[in-house]
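To keep things clear, I will list the structure first and then write my remarks on it.
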Amino acid sequence: MEQKSTFWKSAMTLGLYLAIALILYNVVLYVLGENMNKTLGLITYVIMGAGIYWCQLNYRNNELGGYIEYSKALGFGVAVMLFAGVLNALYTVILLKVDPSIMEQVRIMQEEAMLQQGMSEEQIEMTGEMMSKFQSPIVIVISSLFTFAFIGFLISLVTSIFIKRKQEEDAFEEAMDEIKAED
């Protein structure tokens, strides 16, 4: 029971740290006017990957005595991203309330991408109307949570390979097991 409570407490605490790092990076991009720059946006995934790895490593070494199974590391990475997703969703909702022009910038970028794909004006207009229905704060929060959990799962699939460490059995225990097997 004790281990379970440290799992969620650690995931929440470390998720908070990861969320702060992501939010600070996004604030810097926003202040510099580069929040729509897709190339700089990719750095967010690097921060997520490094953050999940650090969180898993921290949990393994500080809470579990240096040992963790692959599945537990995977679950922990997803839990960390889930908590980071909650805070990031709140940040996004607040940012959109402070600067509603961001949604207009996103709409323009999407329309340009659809034009490049050869869609007609009617199709673009219908798509725009449909997408505007999904811009409520509740939908943004829910989609952010699912997105963060999914990205956390994908990243944790990889990072858990490097984090996992099995606890070696004691040599004495191995010898005793061999003696028992001979009897």
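The values are calculated or read from the model by the stated rules, or taken from the named source; none is laboratory data. Here the structure is a predicted model, which is why all the values come from computation and not from measurement. All Cβ positions, glycine included, derive from the backbone under ideal geometry; neighbour counts span all protein chains shown. The area values use the complete protein model at the heavy-atom level, side chains included, leaving out ligands, DNA and RNA. Shrake-Rupley method; radii C 1.70, N 1.55, O 1.52, S 1.80 Å.
Some points to look at:
- When restricted to Cα atoms, segment 8-166 yields an Rg and a Dmax of 18.1, 61 Å, respectively.
- The chain: most fluctuating residue of ILE20, ILE163, ILE108 per GNM, C-alpha cutoff 10 Å: ILE108
- Under 28 Å from the Cα of LYS180 - lysines, other chains or at least 8 residues apart: LYS166
- Angle in degrees between helix 171-182 and the longest Cα principal axis of the chain, rounded to the nearest 10: 60 degrees
- Nearest 10 degrees, 0 to 90: helix 101-116 Cα axis against the chain principal axis: 80 degrees
- Over segment 78-161: Rg over Rh, Cα atoms, Kirkwood Rh: 1.09
- Overall form of segment 15-56: oblate. Here a/c, set by the Cα gyration tensor axes a ≥ b ≥ c, is 1.5 or more, and a/b is not larger than b/c.
- Among PHE134, PHE76, PHE146, the largest mean-square fluctuation in a Gaussian network model of the chain (Cα springs under 10 Å) belongs to PHE134.
- Solvent-accessible area per residue in segment 72-181 equals 67 Å², computed with a 1.4 angstrom probe and all protein chains kept.
- By accessible area with a 1.4 Å probe, ligands and nucleic acids excluded, highest first: order of MET119, MET114: MET119, MET114
- Look at the dipole of segment 8-166 built from charges on Cβ: of SER132, MET81, TYR59, the Cα furthest out on the positive end belongs to TYR59.
- The stretch between ASN62 and MET103 holds 10.6 nm of extra length on full extension. This uses 0.36 nm per residue minus the Cα-Cα distance.
- In the chain, the calculated helix contribution to ellipticity at 222 nm averages -28500 deg cm²/dmol per residue, counting -39,500 (n - 2.57) for every DSSP H run with n ≥ 4.
- Rounded tilt (10° steps) of 70-98 against the dominant C-alpha axis of the chain: 30 degrees
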